Amino acid sequence: MTQASPTIDLSSCDREAIRTPGSIQPHGCVLALSPDGIVVQASDNLARYVGVAPEAALGRTLADVIGAAAAAELAPEFAGAGERPSFAATVRLAESGAFDVLVHRYDALLMLEFEAVQRTGVADFRHLYPLVGNFLQQVHDTDTVETMSARAADEIRAVTGFNRVLVYKFDAEGHGHVLAESNDGNLPSYLGQRFPASDIPRQARELYASNRIRLIRDANYTPSRLVPAENPLTGAPNDLSFAALRSVSPVHLQYMRNMGTLASMSVSLMVKGKLWGLISCHNAKPCHVTFDKRTACEQLGQILALRIESREVANELQFRLEVRRIMVSVLGGLTQGANFIENMGSVFPELLHFARAGGAAIIVDDRIVSYGDTPGEAQLRELIGWLQVNTHDDVYYTDRLSCEFPPAGAYRQSASGLLAMPISRIHKHYLLWFRPEFVYTIDWAGNPHQKEAPPGAPTQLSPRTSFASWRETVHGTSAQWHPGEIEMALEFRTALLGIALERAEQMAELAEELGRANKELEAFSYSVSHDLRAPLRHIVGFSDLLLETAGGGSPEKQQRFLTNIKESARLAGKLVDDLLSFSQMGRASLRPVQVDMNELVRSCIDKLSLDVGTRRVEWHVGDLPAVVADPTFIQLALYNLLSNALKFTGQKDPAVIRVEGRREAAVTVFTVADNGIGFNMDYVHKLFGVFQRLHRMEDFQGTGIGLANVRRIVERHGGAVTAHSAPGQGATFTFSIPHSS
Amino acid sequence: MLKPILLVEDNPHDLELTLIALEKSQLANEVIVVRDGAEALDYLLCRGEYAQRQKGNPAVVLLDLKLPKVDGLEVLREIRSGADLRALPVVMLTSSREEQDLVRSYELGVNAYVVKPVEFKEFVRAISDLGIFWAVLNEPPPGSQRYVRPIS
């Protein structure tokens, strides 16, 4: 790791092989077993814990090395070992007392990790349930992410005994922002501060995303090497990504020592499948956290992430709903009179509100009308000239205009943010919104611009040494434009084009479409509050019941409660995913091309073959006419209909599913018919609604979003979808796609 | 014989938790479980698979708001529109804290509206209180056929 160059290149952190360090932390030892149960690798501190030198252990059975009794206690746990470490047992070894043994399988090796513990009995997992229950009880639907994080930090500090627990979130640039802290006063407070993105290299972030918890017991440790150094089965260094004892980067250990923390633990917070942030725990002195407590912390982290996810989804929907409401009222105002520019003047206050802007201007050829805090008229003309040459999209936006267009530095106070929209395809018509400069202060934990070592420092790669708070004031930027505002501006533009062309019919349709979109958004926020609350209640309820029966109670019952908890957690996750996919469906733009429907149906059937399994299913697919449509969306609609048909023919042998298509004068019509259980025509009006199910959950799985998606896709293509069912004759779904949409 | 409690609940987890809660409150009333709004109406109106059941209304209906096919509000509307069932006590039991649900339930004449607490002990208490109040303390509406506790 020594570099020739005197300047230190911290990007080399990105290349450190953190998954294959070749060594472990020495508060435990490791034995790796080959598939036939022979010890093929051991850590070099084996003698200290087990009394057998690593070289002497190689080639022998586990019983030979740790004794027959301990080996027999562990053996039953091997069959179920997966990629993530699971707790096998607490065993006593003659030499040095009790060990929690974790087992996981990687690259054909069975990895046994022995963690020395003080207690004599087995790990007690029971305190996991009250912890989770207690935490869920403390966080409320109305809590902010900061409040929830603070409660989680308190709980985790109570469980682990660490001096300081931080919860921080990564921003769009990857900097960490400390949102919450629980601190016993032994270490400095970092609340509100930021850690630069370069503190955590890329591959460490990836590892945080796959292995959700990491403990460093003592930053002054001397690593124990593996003997032999390489995995004997593959000849390559062992991948220790999931090993609890994995040794960490020496740079990171130096970083910890510089920071004055000798022990640390981090729990990853994954939101919407991405690393959202970390719960980061620090202790001034070395500190061990046993596996059972780590499991509890990991579980708590997962629940915090789930609550953050639902809170963020709810906030997002609320925000979009509000922006849309203002936009609808602006549109209403615009249609009142004939003169577009005059009308525009009358809705300026709402226009500002709509974009949370300080000023707005309309440019129609050479006429400029402005409102609020905007650049002067000559400056506006110059800006428009630049926009005409340099921007070609339907909408242009920036939160640092003077970086993109230097003359704007002269008026950065009123216009550091710009949202610009051409409102004619032919003429020089623009609508502009301006946001004022937003001067803000970042509290960095240490100066991020002085990461390089001072001149004359050793040339070894070294982390920064100062964490003292450093303030930076940022100029020339405005508040960021929210994606919801940009999307709404685009919709607004479409509406404006309609008005500018005085196409009244188009307006009527648009209003109807907006009305429907609004209703859907309302259904969303309703579902977020209603449907997501149920699985959380179930998690708490069954956890409490599990606790009550922890002493007695039948194992079957406890098993079922655990299954219920798991199912509820999964359902909550799926609900969030489906909600998001449904909301995306409404926003993504269509890219219509000629689509071969025969091919599309074939690929859907291929995809469904896994669900078919051993069932007998007869697919009758007619010769289908081609259509002009967005292939991705149409495929999704078809897939939903076919998977629906497959689901509701579950009890038929054979299931018969027919797909037919015909070209009519103005539309192409497709039908999907099945011989399944059908539905009662009395409820046909509910069939395509979001979160409506006509069957009980345990009979047919699903969140009730599939058919709502079908309708949304078909209607966005300008078509219509209907459903018909007659008792005993299955169900038929028909949808049409116009020839030109 | 005590009058039964009619529980309308489609979610199997909610059902299990509610039954456990009712069991904990040690009510002697029989609990009849139906799994959606259509089935609830079949039971109340003695039709379909309940055509042969013994006549008489339950002490109270614990009605989930969100149900497949016919939802809780529709069941409530149907109950309030027929002469035989109009006075039947109905308690809306729901996850929803949305005001629109609350307002519509009261407009349609619900007797009580209970948001299922997230915390299990509170959930048990809420269900138990409901059971005791409606099945034991409350005098049923006049005119409805009464069950008489047999002398044992």
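The values are calculated or read from the model by the stated rules, or taken from the named source; none is laboratory data. These numbers were taken from a predicted model, which means no experiment stands behind them. Neighbour counts are summed over all protein chains in view; Cβ atoms, including those assigned to glycine, are modelled from backbone coordinates with ideal geometry.
Below are the figures for this structure:
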{"quantity": "Within the stretch B:15-37, considering residues that are closer than 22 Å to B:LYS69 by Cα and under 14 Å from the mean Cα position of the chain (by Cα), the one farthest from the other protein chains (Cβ to nearest Cβ)", "calculated": "B:ILE32"}
{"quantity": "Tally, over the stretch A:373-382, of residues that are touching a residue at least 60 places away in the same chain (Cβ under 8 Å) and either part of a helix (DSSP H, G or I) or exposed (fewer than 14 other Cβ atoms within 10 Å of the Cβ) (or both)", "calculated": "0"}
{"quantity": "Residue under evaluation A:SER370, criteria (1) of a type in the set (Gly, Ala, Ser); (2) crowded, with 20+ Cβ neighbours inside 10 Å; (3) over 25 Å from A:PRO483 (Cβ atoms), criterion not met", "calculated": "(2)"}
{"quantity": "Selection count where residues are surrounded by fewer than 20 Cβ atoms within 10 Å (Cβ to Cβ) and either over 26 Å from B:ILE20 (Cα atoms) or within 14 Å of chain A (Cβ to nearest Cβ) (or both), scope the stretch B:88-112", "calculated": "11"}
{"quantity": "Pick from the stretch A:309-339, criterion part of a helix (DSSP H, G or I) and small (Gly, Ala, Ser), ranking: modelled with the highest pLDDT", "calculated": "A:SER310"}
{"quantity": "Pairs, first more than 15 Å from B:VAL8 (Cβ to Cβ) in the stretch B:42-57, second among the hydroxyl-bearing types (Ser, Thr, Tyr), C-beta under 7 Å, six or more apart", "calculated": "B:GLY56/B:TYR147"}
{"quantity": "Only listed residue being under 26 Å from A:ASP199 (Cα atoms), buried (at least 21 other Cβ atoms within 10 Å of the Cβ), hydroxyl-bearing (Ser, Thr, Tyr) and over 19 Å from the mean Cα position of the chain (by Cα), chosen from A:SER149, A:SER182", "calculated": "A:SER182"}
{"quantity": "Hits in the stretch A:628-654 (condition: out of contact with any Leu (no Cβ under 8 Å at 6 or more places or on another chain), of a type in the set (S, T, N, Q) and either buried (at least 21 other Cβ atoms within 10 Å of the Cβ) or under 19 Å from A:ARG591 (Cα atoms) (or both))", "calculated": "A:THR632, A:THR649"}
{"quantity": "Output for the stretch A:142-189, where each listed residue is under 30 Å from A:ALA479 (Cα atoms), modelled with pLDDT of 90 or more and charged (D, E, K, R)", "calculated": "A:GLU146, A:ARG151, A:LYS169, A:GLU181"}
{"quantity": "Residue check for B:LEU41: modelled with pLDDT of 90 or more, crowded, with 21+ Cβ neighbours inside 10 Å, within 14 Å of chain A (Cβ to nearest Cβ) and assigned to a helix (DSSP H, G or I)", "calculated": "yes"}
{"quantity": "Failed criterion for B:ASP64 (all others in (1) in contact (Cβ under 8 Å) with a residue 40 or more places away in the chain; (2) within 30 Å of A:LYS557 (Cα to Cα); (3) more than 11 Å from every other protein chain (Cβ to nearest Cβ) hold)", "calculated": "(3)"}
{"quantity": "Boolean, A:ARG381 is out of contact with any Cys (no Cβ under 6 Å at 6 or more places or on another chain), among the basic types (Lys, Arg) and farther than 22 Å from A:MET488 by Cα", "calculated": "yes"}
{"quantity": "Given (1) small (Gly, Ala, Ser); (2) farther than 18 Å from A:ILE705 by Cα; (3) touching a residue at least 24 places away in the same chain (Cβ under 8 Å), number of the condition A:ALA645 does not satisfy", "calculated": "(2)"}
{"quantity": "Residue in the stretch A:190-198 that is at pLDDT 90 or above and either within 23 Å of the chain's Cα centre (by Cα) or β-branched (Val, Ile, Thr) (or both) present", "calculated": "no"}
{"quantity": "The stretch A:24-60, residues that are of a type in the set (D, E, K, R) and assigned to a loop (DSSP other than H, G, I, E, B)", "calculated": "A:ASP36, A:ASP44, A:ARG60"}
{"quantity": "Qualifying residue in the stretch A:594-611 (condition: among the hydroxyl-bearing types (Ser, Thr, Tyr), surrounded by 12 or more Cβ atoms within 10 Å (Cβ to Cβ), farther than 30 Å from A:GLU491 by Cα and at pLDDT 85 or above)", "calculated": "yes"}
{"quantity": "Among the candidates A:LEU352, A:LEU401, A:LEU387, A:LEU419, residue that is surrounded by 21 or more Cβ atoms within 10 Å (Cβ to Cβ) and within 23 Å of A:LEU496 (Cα to Cα)", "calculated": "A:LEU419"}
{"quantity": "Any hit, the stretch B:72-87, residues being within 14 Å of chain A (Cβ to nearest Cβ) and surrounded by fewer than 20 Cβ atoms within 10 Å (Cβ to Cβ)", "calculated": "yes"}
{"quantity": "Of the criteria (1) touching a Phe, Trp or Tyr at 6+ places or on another chain (Cβ under 9 Å); (2) buried (at least 22 other Cβ atoms within 10 Å of the Cβ), which one A:PHE242 fails", "calculated": "(2)"}
{"quantity": "Answer residue from the stretch B:1-14, given it is closer than 19 Å to A:LEU545 by Cβ and more than 10 Å from chain A (Cβ to nearest Cβ) and is surrounded by the most Cβ atoms within 10 Å (Cβ to Cβ) among those", "calculated": "B:LEU7"}
{"quantity": "Elements of type strands (runs of 3 or more DSSP E) in the stretch A:383-483, at least 3 residues being of a type in the set (Asp, Glu) and modelled with pLDDT under 75", "calculated": "none"}
{"quantity": "All positions within the stretch A:661-690 that are of a type outside the set (Val, Ile, Thr), part of a strand (DSSP E or B) and buried (at least 16 other Cβ atoms within 10 Å of the Cβ)", "calculated": "A:GLY661, A:PHE670, A:ALA673, A:ASP674"}
{"quantity": "Every residue from the stretch A:295-316 that is surrounded by fewer than 22 Cβ atoms within 10 Å (Cβ to Cβ) and farther than 18 Å from A:ARG570 by Cβ", "calculated": "A:THR295, A:ARG311, A:GLU312, A:ALA314, A:ASN315, A:GLU316"}
{"quantity": "Criterion violated by B:GLY37 - all others in (1) in contact with a helix residue (DSSP H, G or I) (Cβ under 8 Å, 6 or more places away or on another chain); (2) closer than 20 Å to B:ASN138 by Cβ satisfied", "calculated": "(2)"}
{"quantity": "From A:GLY704, A:GLY728, residue being modelled with pLDDT under 85 and away from chain B (no Cβ under 14 Å)", "calculated": "A:GLY728"}
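Yes or no, residue by residue, for (1) under 26 Å from A:GLN138 (Cα atoms); (2) free of Cβ contacts under 8 Å to residues at least 40 places away in the same chain:
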{"position": "B:VAL90", "(1), (2)": "no, yes"}
{"position": "B:GLU98", "(1), (2)": "yes, yes"}
{"position": "B:SER105", "(1), (2)": "no, no"}
{"position": "B:VAL114", "(1), (2)": "yes, yes"}
{"position": "B:GLU122", "(1), (2)": "yes, yes"}
{"position": "B:ILE127", "(1), (2)": "yes, no"}
{"position": "B:GLU139", "(1), (2)": "no, yes"}
